[in-house]
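Peer 1: First, the structure itself, so that you have it in front of you.
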Amino acid sequence: MPRRTSRPKRRPPPRRLRDVAVLLPLLGLFAWMPPVIGLFAGGGHFFGVPAIVAWLFGVWIALIASALALSRRLDSGDEDEG
């Protein structure tokens, strides 16, 4: 009869990472608020792209990349507590 191997219990993610996971969507919400977006609606351009479009897509890409990195760290639990 095959023996059952017990899987090691995973530690819960550190509190600091959980706090960052809560703050990340709030940071994105703040970055897309009309007063902040209005700072980039002045008509400037970055490489031929209007500044407001570059800001919106830049924030979007930064949020996706941050969420990906954060989810991997939360999943692996590699961060030191302290």
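The values are calculated or read from the model by the stated rules, or taken from the named source; none is laboratory data. Bear in mind the structure is a predicted one, so any value in this text is a computation, not a measurement. Cβ placement follows ideal geometry from the backbone for every residue including glycine, while neighbour counts extend to all protein chains displayed.
Peer 1: Could you grab me the full set of residues in the range 29-46 that are modelled with pLDDT of 90 or more and either part of a strand (DSSP E or B) or aromatic (Phe, Trp, Tyr) (or both)?
Peer 2: PHE30
Peer 1: Return the residues of the range 40-60 that are among the small types (Gly, Ala, Ser) and touching a helix residue (DSSP H, G or I) at 6+ places or on another chain (Cβ under 6 Å); say none if nothing qualifies.
Peer 2: Once the filter is applied, which keeps residues that are among the small types (Gly, Ala, Ser) and touching a helix residue (DSSP H, G or I) at 6+ places or on another chain (Cβ under 6 Å), the range 40-60 yields ALA41, GLY44.
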